[in-house]
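> Attaching a single structure in structure tokens format; questions to follow.
The values are calculated or read from the model by the stated rules, or taken from the named source; none is laboratory data. Worth saying up front: this structure is predicted, and the values here are computed from it rather than measured. Please note: Cβ atoms are built from the backbone with ideal geometry, for glycine as well, and neighbour counts cover all protein chains shown.
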Amino acid sequence: MKQTGAILLVDDEAQFRENVADYLDPHGYMVLQAGDAESALSQAHEHVLDAALVDILMPGMDGITLLSRLKEIDSHVEVIIVTGQASVESAVDAMRRGAFHYVTKPVRLHELEMLVERAVEKTQVSRQNVLLREDLRRKRAQAAGEIVAASDAMKTILTEAESVAKVDSSVLIEGETGVGKEVVAEFIHRNSKRGGNVFCVLNCGALPETLQDAELFGYEKGAFTGAAESRPGIIEVSNGGTLLLDEIGDIPPGIQTRFLRFLERGLVRRLGSTREQSVDVRILAATHRSLEQEVAEGRFREDLYHRLLVFRLHIPPLRERTEDILPLAEHFVFRVGAPGTAGKTMSRATQDALLNYCWPGNVRELAHSIERACFAAQLARSDEILPEHLGLPDEHGIVRSPIPARASALGAAGSGVDLSETLDLSEIERKAIQLALAKTSGDKKRAAQLLNIGLSSLYRKIKEYGFD
């Protein structure tokens, strides 16, 4: 029979211990016995327990004190208090000290077995949650170690980020699109006391104004047309952890007011609700705009700006920290890890091309270029990544696809788009949007994700290029 769990049975009545052990053993439990508290503590140090049955009245140390000592050894183990002295006072005291349940003698064994089963399940779930959180922490720590900072500028940023992580104040992270603001924000979260809890991101620029209120604060069933069920906002979901509001400059004035009220009071109210609830969340904000200019021009509340600006981190563009370009490129080559790309190296000419390009899209553009280059080198059966594999614009601003014509035609199948021809940048953008819309059957949200742009930006481009 599969073992269900290890039970410690502590009682000075040997006959009671034997009766309970004989009943639980066929149900798959390993029952350890102790006649007093000292023997029980010895067993608890030697075995991993899933539950304990403890008599409240024993010679020497009583059951209530033993409960506390067992919890000191293993805070997850659930303890059931057993006594022949039915007392409301002792029951309340036991529950206050962390007892799972309280039963009186004479004990009905089938009811006790059901109680033990519930206690064991709770103990095991608690331990599994700890393991899952630890696994998540390790994965986050590993990801944090992937931050490439070869330049003095980025080393300074990470030093400052590690310092502000120790406090629980708001941080405003500034920098051009694609410089790595979200990466730095998650670095702050991992190194904070909230690092084992949730890290949430809301891209304010990717949401239509009408949806931002509901996404931030949540809503109750029937709050508006289409609200078929209640839903928490991302502020609630982030409770206990960290929330990054990316492109916070895109929050409209009305929502800025509600968000400022939340920052000041720590209370959130869903749309359609009259009840406020307390939420403990650290706010990080990121923007590629100058919020100072937004304030000066009346588009962003000055009091909200100062409330967010407890600490400020400005991430310089990639063109101002060229020492990071090649280490980042090598990191992205390794990270692609696709079949056939392992062991690819960059030629000297490729390295020069990377260093001489201005990278208007910053680290994000570099990552995408390396991914394309790895694929192009694989198709060309080249052991080296060559300059032509990068697909960077030449001195005339012309981009030639790094993908051979046959592969390009396959990638654009069904869309009528051939990316192998030479195009100017606006034509590249137009056809990329056309291809993304074709591949997603017109699903604009998925298309925006493929293009790595905000949904509102995609809508503007669709209007600009006159797509139907």
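Residue-by-condition table, conditions (1) modelled with pLDDT of 80 or more; (2) not in a helix (DSSP H, G or I):
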site: LYS71; (1), (2): yes, no
site: ASP93; (1), (2): no, no
site: VAL107; (1), (2): yes, yes
site: HIS110; (1), (2): yes, no
site: MET114; (1), (2): yes, no
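> Do you know which residues across segment 224-280 are in contact with a strand residue (DSSP E or B) (Cβ under 6 Å, 6 or more places away or on another chain), of a type in the set (A, V, I, L, M) and over 22 Å from ASP168 (Cα atoms)?
ALA227, LEU271
> Here's something else I'd like to know. If I go through segment 259-284 residue by residue, how many of them are loosely packed, with under 15 Cβ neighbours inside 10 Å and either within 20 Å of the chain's Cα centre (by Cα) or hydroxyl-bearing (Ser, Thr, Tyr) (or both)?
3
> Considering only segment 371-394, how many residues are of a type in the set (Asp, Glu), part of a helix (DSSP H, G or I) and within 16 Å of TRP359 (Cα to Cα)?
Matching residues across segment 371-394 total 1.
> Here is a further query. If a residue must be at pLDDT 80 or above, assigned to a helix (DSSP H, G or I) and among the polar types (S, T, N, Q), how many such residues does segment 127-155 contain?
Number of matching residues: 0.
> Of all residues in segment 285-316 being among the hydroxyl-bearing types (Ser, Thr, Tyr) and farther than 16 Å from LEU243 by Cα, which is nearest to the chain's Cα centre (by Cα)?
Here the answer is TYR305.
> For segment 277-322, which positions are among the β-branched types (Val, Ile, Thr) and over 23 Å from ILE157 (Cβ atoms)?
Once the filter is applied, which keeps residues that are among the β-branched types (Val, Ile, Thr) and over 23 Å from ILE157 (Cβ atoms), segment 277-322 yields VAL279, VAL281, VAL295.
> Also, quick follow-up: Can you list the strands (runs of 3 or more DSSP E) lying wholly within segment 239-351 that have 3 or more residues being in contact (Cβ under 8 Å) with a residue 24 or more places away in the chain and not hydrophobic (A, V, I, L, M, F, W, C)?
none
> Condition check: surrounded by 23 or more Cβ atoms within 10 Å (Cβ to Cβ), within 40 Å of the chain's Cα centre (by Cα) and either outside the structural domain of HIS101 (by TED's automatic domain parsing) or of a type in the set (A, V, I, L, M, F, W, C) (or both). Does ILE73 satisfy that?
No.
> While we're here: I'm told GLU46 meets every condition in (1) exposed (fewer than 13 other Cβ atoms within 10 Å of the Cβ); (2) free of Cβ contacts under 8 Å to residues at least 12 places away in the same chain; (3) within 25 Å of HIS110 (Cα to Cα) except one. Can you identify the failing condition by its number?
It is condition (3) that GLU46 fails.
> Given the options THR177, THR274, THR225, THR210, name the one that is modelled with pLDDT of 90 or more and either farther than 30 Å from MET154 by Cα or touching a His at 6+ places or on another chain (Cβ under 7 Å) (or both).
Being modelled with pLDDT of 90 or more and either farther than 30 Å from MET154 by Cα or touching a His at 6+ places or on another chain (Cβ under 7 Å) (or both) holds for just one of THR177, THR274, THR225, THR210, which is THR177.
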